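S.K.: Would you mind keeping the following structure in view while I ask a few things?
The values are calculated or read from the model by the stated rules, or taken from the named source; none is laboratory data. Owing to the predicted nature of the structure, the values given are computational and were not obtained by experimental measurement. Cβ placement follows ideal geometry from the backbone for every residue including glycine, while neighbour counts extend to all protein chains displayed. What goes into the accessible areas is simple: the full protein's heavy atoms, side chains included, and nothing from ligands, DNA or RNA. Shrake-Rupley method; radii C 1.70, N 1.55, O 1.52, S 1.80 Å.
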Amino acid sequence: MNEKIRGKAAKIAAALEIICSIVFGVIVHGSKLIPLRYEIVIGAVLILVLIAVIYFTIFGKNKILYWIFMVLSVLVSVALIVGGIGILQAKSTMKEITKVMEDTTEVSVYVYDADQAQAISDAAQYTFGILKSLDTENTQKALKEIEENLGASVETVAYPGVAELADAMIDNSVQAIILNESYLDMIAELSNLQTADTEAEEGKAVHDYAAFVKSLRKISGYSVVKENGPQADDTSFYDNGTFIMYISGIDTYGSTSKRSRSDVNILAVVNTNTKKILLVSTPRDYYVPLSISNGVKDKLTHAGIYGIKCSQDTLGMLYGIDVDYYFRVNFSGFQKIIDALGGITVDSDYTFDVGSFHYVKGDNSLNGEQALVFARERHAFATGDRQRGEDQMKVIKAVFNKATSSAVLANYTDLLDSLEGTFETSMSYNTLAKLVRQQLDQGTGWDIETYSVNGSGQSSYTYSTSNTKVYVMIPDQSTVDAAKEKIQAVLDGE
């Protein structure tokens, strides 16, 4: 290759490197994910490399150095292209996570499995049972769609609660029911939570509701979607470095937007200045007024049926605080997050078995499926749901420690890309980016404390089950007050 051709090739390589460097810089700065001091270091290194490439390829006479720096220039340009694409993908994933979120309610028409109806048109002459005052907005939207599809009105009978609705179908008073899918598990639970004595005292028939739910078949389904927009950038977080996030684990697979009972109800109280996090676990059966129930008490887990904001606001009412954000994940997302992290190590308080899974007292190396089983188990423990709450916080702590480790942070763009669609949060992109940037900049560990509130079990009426008593946990107010004090201490930087 003669001098003239070598010179042109060198100029093209240098020009390409300059373009790639400028575009990469714009992408990095625009993402708001990289600390400024890192941007300065990266920029300085790129400038030095570019100067060396220009000197040894365009002006230099040594052929060996010419080829070395030509190859280096090409490699740098390729690295900048790949790196820029990776950051854009990470930004896109974070934008997806923090976009306007949806709560999806699935309302379905159910008949008995042995029923001849295979589609809603086959059941046009049936009498449909519906709930009288619960979830009426979604039920009416589904009814409207049913009647539009059939081109005719349908006969309905409204019942005050889920038990009465189930009883009506069991007694053949209706041939089908129109019901929010989330209520099916609530109906099935009635078999376990009620006693024959209690039913007999109230003059009610005793039914096997779990068997009833298993005997149903869906012939039609309707999705009712409600948007939950992300909250605006929280200026108080930028001022004092504190916020409270509600962590919700819903008992479903598939889409995280589907409304369902929330089996994980944990508040993460964060102070980024003191690097302190307090995790407060509230049992799923806690007997509290819901934010939408006008003071009527219900099990905390049922709040999830009415949307993520209902659960978030209900916990805010319980502890007398404003909960800034939510983070929602379901079973499949939970497993994928842990597998993407390469597994976690969890310290178990007990040795126990769940099916084919074995856990030992002390450290356990768990993949996503093993961690999910660990976090869901309660029957193996004398304290039941309270120990489950403790174990859920252990898993969250292990995930957080792994996610903020230097090894994971070095490849967080790849991690974020692999986790798209596994969870959602109401935190804005700018706030989330600030947290990522701050952790990359400081790289220090966090002090994580856990606390669980307590209570005692009894049978009571609830907002969601109306005239039927179910098992609930009456809050121990002293533990709730202790949680309030701990929350305030973290917010105050103590």
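S.K.: How high is the FRET efficiency from Ser456 to Tyr350, r the C-beta distance, R0 25 Å, rounded to 0.05?
M.R.: Computed FRET efficiency for Ser456 and Tyr350: 0.70.
S.K.: Something else about it: Relative contact order, percent, of the chain when contacts are C-alpha pairs under 8 Å separated by at least 6 residues? Mind showing how you got there, number by number?
M.R.: Working: 868 pairs, mean separation 85.8, N = 494.
Relative CO of the chain lands at 17 percent.
S.K.: I need two numbers for the chain: Rg to one decimal and Dmax as a whole number, Cα atoms only, in Å.
M.R.: Using the Cα atoms of the chain, the pair Rg, Dmax is 28.4, 103 Å.
S.K.: Which angle from 0 to 90°, rounded to the nearest 10, does the C-alpha axis of helix 308-319 make with the longest principal axis of the chain?
M.R.: It is inclined by approximately 80 degrees.
S.K.: Another question about this same structure. Give me the one-decimal nm value for the distance between modelled label points at Ile292 and Lys226, 7 Å along each residue's Cα-to-Cβ direction.
M.R.: Between Ile292 and Lys226, the simple spin-label model gives 0.3 nm.
S.K.: Amide H to amide H under 5 Å from Asn180: which residues, 5+ apart in sequence or cross-chain, H placed 1.01 Å off N in plane?
M.R.: Residues meeting the amide H criterion: Ser108.
S.K.: Please state the charge dipole magnitude for the chain, taken about the Cα centre, from unit charges on C-beta atoms (+1 on K and R, -1 on D and E), reported in debye and rounded to the nearest 20.
M.R.: About 2800 debye.
S.K.: Enumerate by residue number the trypsin sites (Lys or Arg not before Pro) in the range 1-88 meeting two conditions: DSSP loop (anything except H, G, I, E, B), and at most 14 other Cβ atoms within 10 Å of the site's Cβ.
M.R.: Working: sites: Lys4, Arg6, Lys8, Lys11, Lys32, Arg37, Lys61, Lys63; in loops: Lys32, Lys61.
Answer by residue number: Lys61.
S.K.: Suppose each label sits 7 Å from its Cα in the direction of the beta carbon; what would the Ser133-Ile51 distance come out to in nanometres?
M.R.: Those two pseudo-labels are separated by 7.8 nm.
S.K.: May I ask you to work out the translational diffusion coefficient for the range 18-147 at 4 °C, viscosity 1.567 mPa s, via Stokes-Einstein with Rh from the Kirkwood sum over Cα pairs, reported in whole µm²/s?
M.R.: 62 µm²/s
S.K.: Accessible area per residue for the chain in Å², computed with a 1.4 Å probe and the full protein assembly in place, what is it?
M.R.: 45 Å²
S.K.: By average Cβ neighbour count within 10 Å, what is the ranking of 48-55, 278-285 from highest down? If you can, show how the numbers build up before the last one.
M.R.: Numbers: 48-55: 15.6, 278-285: 23.9.
Ranked from most to least packed, the peptides come out as 278-285, 48-55.
S.K.: Now, a different point. So, R0 is 56 Å and r is the distance between the beta-carbons of Ser365 and Ala152; what FRET efficiency does that work out to, to 0.05?
M.R.: Given R0 = 56 Å and the Cβ-Cβ separation, E is 0.40.
S.K.: On to the next question. What is the distance, in nm, between label points placed 7 Å from the Cα along the Cα-to-Cβ direction at Val82 and at Lys484?
M.R.: Between Val82 and Lys484, the simple spin-label model gives 5.6 nm.
S.K.: List every residue whose amide H lies under 5 Å from the amide H of Asp298, counting only residues 5 or more places away in sequence or on a different chain, with H placed 1.01 Å from N in the peptide plane.
M.R.: Under 5 Å from the amide H of Asp298: Val288, Leu290, Tyr463.
S.K.: On a 0 to 90° scale, report how tilted helix 331-340 is relative to the longest principal axis of the chain, with both axes built from alpha carbons and the result rounded to the nearest 10.
M.R.: 20 degrees
S.K.: By average Cβ neighbour count within 10 Å, what is the ranking of 469-481, 347-359, 290-302 from highest down?
M.R.: 290-302, 469-481, 347-359
S.K.: Something else: Ignoring ligands, DNA and RNA, what percent of the accessible area of the chain is carbon or sulfur (1.4 Å)?
M.R.: Heavy-atom surface of the chain belonging to carbon and sulfur, 1.4 Å probe: 55 percent.
S.K.: Same structure again: Please give the helix 136-150 orientation as an angle from the longest Cα principal axis of the chain, in degrees from 0 to 90, rounded to the nearest 10.
M.R.: 90 degrees
S.K.: Shifting gears a bit: Which of the trypsin sites (Lys or Arg not before Pro) found in the range 302-382 are in a DSSP loop and have at most 12 neighbouring Cβ atoms, other than their own, within 10 Å?
M.R.: Taking the range 302-382 and a limit of 12 other Cβ atoms within 10 Å, the loop trypsin sites (Lys or Arg not before Pro) found are Lys361.
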